[in-house]
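Visitor: For reference, the structure I am asking about is given below.
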Amino acid sequence: MVKWTDKERSTINAVWDKVDIDEIGPQVLARVLIVYPWTERYFGSFGDIFTVTAVLNNPKVAAHGKVVLKELGKAVKNMDNIKGTYASLSQLHNEKLHVDPDSFRLLADCITISVACKLRSALDPQVQATWQKFLSAVVEAMSSQYY
Amino acid sequence: MISKREKELIAEIWESLTPVAEDIGSDALLRMFASFPGTKTYFSHLDISPGSSHLRSHGKKIVLAIAEGAKDISQLTVSLAPLQTLHAYQLRIDPTNFKLFSQCILVTLACHMGEDFTPIAHAAMDKYLSAFAAVLAEKYR
Ligand code: HEM
Ligand code: HEM
């Protein structure tokens, strides 16, 4: 399990405080689908997501992006038990949704980019490093129920 | 595949960054060192502290190389041949580091460009940096 210093905890909370879920959520999922188009395979029920314009205007993409980011907030609140927090969600993504766990990392990278576009110089190298350490713990937890 | 429109966009972005090459390059390097401390091992002969002249001049070289390559992406294998040889035969950088560095360059661009680093620009740049890294890694074995 990851151990967090007080400094890391406050850095992660400070970044999270600046994240507007309703704004960043839709952007994150849109970036995943646009930058890594093979991830479209999981979202067959979302309708047209086959062009950049379609992705950016698809209400289901926007709504699901908010769901994912809201879920990320649970990890911020449960930093000492991220694995437990996501155990059943990991199982769902493996057994029901059949999501390749490598795509968790792609999503994490898109979260960092969307946050960087928003925070700009506030996401300095040290803050980025801590934030990515947090996202790595999330990715690991989301991958933990794949056997 | 990188489309014609994407190639134009990539060249445009890097051209606009050339005047601030030192800032962009050193920021990307500092991000790599902070997030992936193992990468510092390759630079033990240089002073890589924030603002140092080594850091700034190395950052500038990197950005100028990326901007130069962006002028004609179809010719990357030719234009990068000297850098390919340097990284593969002399420096022997573990090629996984290219991916880590590419990610840090993307974050640098996002912080620098803000909302202008659109999903379209992001996708184009990710493809270009992957292509660039693939060329640098090609000669390894
Ligand atoms: C940090 C990583 C992720 C988190 C926290 C997360 C969270 C969630 C949540 C909370 C749900 C709703 C579950 C439910 O309805 O009970 C969900 C559904 C889903 N997720 Fe994820 N997810 C993550 C990554 C991914 C990735 C990378 C993909 C694929 C590229 C993916 C694909 C899906 C799909 C296809 C659904 C079902 C959507 C639907 O039909 O409504 N997830 N996810
Ligand atoms: C997009 C990726 C990269 C680009 C565009 C790039 C570009 C360059 C350039 C232009 C030089 C200077 C060559 C010269 O002086 O003739 C250089 C040198 C060097 N590169 Fe890279 N590089 C990249 C990735 C990396 C990575 C990932 C590492 C290690 C983690 C690395 C380590 C070095 C080192 C140690 C030197 C020699 C520095 C010195 O002694 O001055 N490079 N690179």
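Visitor: If each DSSP helix of 4+ residues adds -39,500 (n - 2.57) and the sum is divided by the residues in the protein assembly as shown, what number results at 222 nm, nearest 500 deg cm²/dmol?
Guide: On the way: 15 runs with 192 residues, N = 288.
The helix contribution divided over the protein assembly as shown gives -21000 deg cm²/dmol.
Visitor: What does the structure give for A:65-72 when I average, per residue, the other chain Cβ atoms found within 10 Å of the residue Cβ?
Guide: Mean partner-chain Cβ count within 10 Å for A:65-72: 0.
Visitor: Still on this structure: Picking from A:Thr51, A:Tyr36, A:Thr11, whose Cα lies most toward the positive end of the charge dipole for the stretch A:1-75 (charges on Cβ: Lys, Arg +1; Asp, Glu -1)?
Guide: About the Cα centre, the residue reaching furthest to the positive side is A:Thr11.
Visitor: Right, here's the next one. Would you mind giving the mean number of other chain beta-carbons within 10 Å of the Cβ of each residue in A:121-129, as a whole number?
Guide: Numbers: counts 4, 1, 4, 6, 15, 4, 1, 9, 9.
Per residue, the average neighbour count from other chains is 6.
Visitor: How big is the charge dipole of chain B about its Cα centre, in debye rounded to the nearest 20, if each Lys and Arg gets +1 on its Cβ and each Asp and Glu gets -1 on its Cβ? Please report the intermediate quantities before stating the final value.
Guide: Values: 14 positive and 15 negative charges, 107 e Å.
My answer is approximately 520 debye.
Visitor: Rounded, prolate or oblate for the stretch A:18-116? Axes are the square roots of the Cα gyration tensor eigenvalues, ordered a ≥ b ≥ c, and the cut-off for rounded is a/c under 1.5. Can you show the working numbers first?
Guide: Numbers: a/c = 1.91, a/b = 1.30, b/c = 1.47.
It comes out oblate by the Cα gyration axes.
Visitor: Is the stretch B:4-140 rounded, prolate or oblate when judged by the Cα gyration tensor, a ≥ b ≥ c being the square roots of its eigenvalues, rounded requiring a/c under 1.5 and prolate requiring a/b larger than b/c? Can you show the working numbers first?
Guide: On the way: a/c = 1.65, a/b = 1.17, b/c = 1.42.
Since a/c reaches 1.5 but b/c is at least a/b, the shape of the stretch B:4-140 is classed as oblate.
Visitor: Measure off 7 Å from each Cα along the Cα-to-Cβ vector at A:Asp100 and B:Phe43, then give the distance between these two points in nanometres to one decimal.
Guide: The modelled label-to-label distance comes out at 3.2 nm.
Visitor: Further, regarding this structure: Which of the listed residues, A:Ser103, A:Ile82, A:His93, is farthest toward the dipole's positive end in the stretch A:67-147, when Lys, Arg count +1 and Asp, Glu count -1 at the beta-carbon?
Guide: A:Ile82
Visitor: Efficiency by 1/(1 + (r/R0)^6): what FRET value for A:Ala14 and B:Lys61, r their Cβ-Cβ distance, R0 = 45 Å, to the nearest 0.05?
Guide: On the way: r = 34 Å, r/R0 = 0.75.
Using R0 = 45 Å, I get an efficiency of 0.85.
Visitor: Let's see if you can work this out: charge +1 on each Lys and Arg Cβ, -1 on each Asp and Glu Cβ, no other charges. What is the dipole magnitude of the stretch B:7-86 about its Cα centre, in debye to the nearest 20?
Guide: Values: 7 positive and 9 negative charges, 58 e Å.
In total the dipole reaches around 280 debye.
Visitor: Still on this structure, I have one more. Treating the beta-carbon of each Lys and Arg as +1 and of each Asp and Glu as -1, no other charges, what is the dipole magnitude of the protein assembly as shown about its Cα centre, to the nearest 20 debye? Working shown, then result.
Guide: Working: 31 positive and 31 negative charges, 107 e Å.
Using Cβ point charges on Lys, Arg, Asp and Glu, the protein assembly as shown gives about 520 debye.
Visitor: In addition: Counting partner chain Cβ atoms within 10 Å of every residue's Cβ in B:98-110, what's the average?
Guide: Numbers: counts 0, 0, 0, 0, 0, 6, 4, 0, 6, 11, 3, 3, 10.
Shielding by partners across B:98-110 averages 3.
Visitor: To the nearest 0.05, what FRET efficiency results for B:Glu12 and A:Arg120 with a Förster distance of 25 Å applied to their C-beta separation?
Guide: Between B:Glu12 and A:Arg120 the formula returns 0.75.
Visitor: List the DSSP H helices in chain B whose Cα atoms stretch 24 Å or more along the helix axis and whose mean Kyte-Doolittle hydropathy is at least 0.0. Write down the numbers at each step before the final one.
Guide: Values: long enough: B:53-71 (27 Å, -0.12); B:96-113 (26 Å, 1.01); B:119-138 (28 Å, 0.79).
Qualifying helices, which must be both long enough and hydrophobic enough, are B:96-113, B:119-138.
Bear in mind that the values in this text are calculations on the coordinates, not laboratory data. Small disclaimer: the values here were computed from a predicted structure and weren't measured. Note that we place each Cβ from the backbone using ideal geometry, even for glycine, and neighbour counts take in every protein chain shown.
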